[in-house]
Amino acid sequence: MDKKQAKQEIDKLSKKINHHDYLYYALDKPEIADAQYDKLFRQLKDIEKEFPELLSPDSPTQRVGGQPLKSFKTYTHKKPLLSLDNAMNEEELLDFDRRVREGLDKAKIEYVCELKMDGLAVALVYEKGQLKIGSTRGDGVNGEDITQNLKTIRSIPLKLDKEVNLEVRGEVYLPYDDFIKLNEEREAEDEPKFANPRNAAAGSLRQLDSKITAKRPLDIYVYYAETHPKLKTHFETLEHIKKLGFKTNPNTKVCHGIEEVKKYIKHWETNREKLKYEIDGIVVKVNNLADQEKLGKTARAPRWAAAFKYPPMQAVTVIQDIKVQVGRTGAITPVAHLKPVHLAGVTVKRATLHNEDEVKRKGIKVGDHVIVQRAGEVIPEVVKVVKDKRTGHEKEFHMPKKCPVCGGELYRPEGEAITRCINARCSAQVIGRILQFCGREAMDIEHIGPALAEQLVEKKIVKDVADLYSLDKKDIQKLERFAEKSAQNVIDSVRGSKDKAHDRVLFGLGIRMVGRNVASLIAQHFDNLEDLFDIKTDKLTHIVGIGPKVAQSVEHFFAQKDNQQLVERLKKAGVNIKAAKAKGPQPLKGKTFVFTGGLEKITRPEAEELVRQLGGHPSSSVSKQTDYVVAGSEPGSKLEKARKLGVKIISEAQFRKILRST
Ligand code: IVH
């Protein structure tokens, strides 16, 4: 291939890849199989490698790369990015409609209603169809040039089909699920968690190293573009930019008159929790562009648009007390006991304060008025203290010196945020371990729940999970709310758990950092749990998918005589601690599966269990060693990673076909 041919080939491949990126990321309607896409991508990479002088910054292979920046450059917007006037209630919304009607001298206005994404406003400048500059809104006049980071967002086209000059604006956001996952990862690595998806998106866009941004599955909805002479309405503009390759929100609607706008607002107020991303309101825009022009703007905001703000999923309440909770691993978590407050459909009485440093950082005291928030998390969080409401009677919180449950010693390793009770016999930890052991994905002992576990431990009937197997029916009958039948159910469900697979037993032991999939991975390499007694870290890290932190935790757990004895006692009680001689065929042996997105016919744990039963290994993260990524509806970042690594991607239907054919 000579240089001219190479250039032609690069152009052709780039165009094709851009087109398929658009179908996949912006429209969610892929037309080719992943393998075909990967082939195109590889072909392009190969040619670019051979002819590096032909490498263009807007090549689809160049989304991530470049050196980390020292700082962001300021970018002055050609036209300021305006803000929106808020309508906080129906009255203010009707006022807005009245002003518009009077300004245009019309009886009824056609509006476009859009979801107000709670993310970050960005502007994308294209010259001759090429993305030149992507910037933050900043103060509306000056923003920051974050082109390198915005290029990592796959739904942002780097090159348009038409060589147009254009500026579009939109909102970058992080979907809820990805936000929760990101926070879990940060917690596991002892990094501070983000308070909400918006902060997470902002933090991700502010990275000087775009490789970090690339790992965060950010997305964008574009909501504005400079008009094209032929376009008459805002809605047509949105359709136009969608055709050009941008992702627009599918929930946008043309509403005839303010009554329809009110309906739209009501609908999303009750349905907003079903969305995969956070919105903080609705934006109402006059549809006709000539009318927009006529209404004009103030220095701050256009007169043709208003933001109807939903009441935030935040509320103010009082911290009546701060108590600490002791978890299964001994972790001591301060929890705020709140004056009950209504928040996003539920009554909130508790909020997690995470750890000692967090309480200090936020300056939280008992008696403080605080803002609490639910942002995709089950347990609400305290956002900040309302300092103005202080009376001087608030009391400083101090971490206890001793474990509040067992009175044992507490220990906070240097450099770690978590304080732990080091007494493994602490009843809070014992209860936690019993619940872990009895859990559905471990031994599935369904008749033992929190209330019974607590009684069994408090009454000293059970001191560890092995004791469950010598429970006496009479002992249970003596407990509150138990009769002969219910006691027998407990005994039966314990007995019925003995032949569970040994990886479930391993998971049930509740070793720190050993989740369900890690347990299964380890169990695949060790046929007998006793073989782990003298395990050394390096032997575990040889297993693909096991990192040093997990390995250390496993070594530490089994090095302790108490834990070895526990496994021996389980064995003696008849609990299976060995790999079963493969029951039936193991057609998926050695195959690793990762699931992403929602499955329709079965739940994710069920699908993972099926994989295990057939000898395969389900994992939660994609790597080169992954054999299949099963993509359900609205798949997350794993899909992208799989594509990058060339891992085979299959649908739920294809997955079921594999199961059927085995
Ligand atoms: S229109 C002149 N549409 O809300 C046009 N803004 O409070 C002004 N936002 O800075 C923006 N979703 O970051 C518009 N569908 C949407 C929006 C939206 C979110 C944000 C945007 C803006 C802020 C104003």
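If you go through the stretch 615-662 and pick out every residue that is part of a loop (DSSP other than H, G, I, E, B) and either crowded, with 19+ Cβ neighbours inside 10 Å or in contact with a strand residue (DSSP E or B) (Cβ under 9 Å, 6 or more places away or on another chain) (or both), you end up with 13. Of the numbered criteria (1) open to solvent by less than 60 Å² (accessible area, probe 1.4 Å); (2) more than 11 Å from the ligand (Cβ to nearest atom); (3) closer than 30 Å to LEU208 by Cβ, the one VAL100 fails is (3).
Let's see how each residue does on (1) open to solvent by less than 20 Å² (accessible area, probe 1.4 Å); (2) within 14 Å of the ligand (Cβ to nearest atom); (3) in contact (Cβ under 8 Å) with a residue 60 or more places away in the chain; (4) not charged (D, E, K, R):
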residue: ILE109; (1), (2), (3), (4): yes, no, yes, yes
residue: GLU114; (1), (2), (3), (4): yes, yes, yes, no
residue: GLU127; (1), (2), (3), (4): no, no, no, no
residue: GLY134; (1), (2), (3), (4): yes, no, no, yes
residue: VAL141; (1), (2), (3), (4): no, yes, yes, yes
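For the stretch 293-305, the candidate set comprises residues that are outside any loop (DSSP other than H, G, I, E, B) and within 10 Å of the ligand (Cβ to nearest atom); within that set, the residue that is modelled with the lowest pLDDT is LYS297. Does ALA551 satisfy the criteria of being aliphatic (A, V, I, L, M) and more than 30 Å from the chain's Cα centre (by Cα)? The answer is no for ALA551. Have a look at ASN249, ASN271 and point out the one that is open to solvent by less than 40 Å² (accessible area, probe 1.4 Å) and free of Cβ contacts under 8 Å to residues at least 24 places away in the same chain. Of the residues listed, the single one that is open to solvent by less than 40 Å² (accessible area, probe 1.4 Å) and free of Cβ contacts under 8 Å to residues at least 24 places away in the same chain is ASN271.
For GLU90, state whether it is open to solvent by 80 Å² or more (accessible area, probe 1.4 Å) and either within 27 Å of PRO250 (Cα to Cα) or touching a Pro at 6+ places or on another chain (Cβ under 9 Å) (or both). Talk me through it step by step, then tell me what you get.
On the way: open to solvent by 80 Å² or more (accessible area, probe 1.4 Å): yes; either within 27 Å of PRO250 (Cα to Cα) or touching a Pro at 6+ places or on another chain (Cβ under 9 Å) (or both): yes.
Spelling it out, GLU90 is indeed open to solvent by 80 Å² or more (accessible area, probe 1.4 Å) and either within 27 Å of PRO250 (Cα to Cα) or touching a Pro at 6+ places or on another chain (Cβ under 9 Å) (or both).
A Cβ distance below 8 Å, combined with a sequence gap of six or more or placement on separate chains, defines the contacts here; from the stretch 607-626, residues that are of a type in the set (Lys, Arg) reach residues that are open to solvent by 10 Å² or more (accessible area, probe 1.4 Å) and not in a helix (DSSP H, G or I) in the pairs ARG612/ALA501.
Within the stretch 115-170, the set of residues being in contact with a Lys or Arg (Cβ under 9 Å, 6 or more places away or on another chain), within 25 Å of ALA301 (Cα to Cα) and assigned to a loop (DSSP other than H, G, I, E, B) comprises ASP118, GLY119, ARG137, GLY140, ILE146, ASN165. If you go through the stretch 306-334 and keep only what is free of Cβ contacts under 8 Å to residues at least 60 places away in the same chain, assigned to a loop (DSSP other than H, G, I, E, B) and open to solvent by 20 Å² or more (accessible area, probe 1.4 Å), you end up with just PRO311.
The values are calculated or read from the model by the stated rules, or taken from the named source; none is laboratory data. This is a predicted model, so every value here is computed, not measured. Note that we place each Cβ from the backbone using ideal geometry, even for glycine, and neighbour counts take in every protein chain shown. These accessible areas exclude ligands, DNA and RNA; they are computed on the full protein's heavy atoms, side chains included. Shrake-Rupley method; radii C 1.70, N 1.55, O 1.52, S 1.80 Å.
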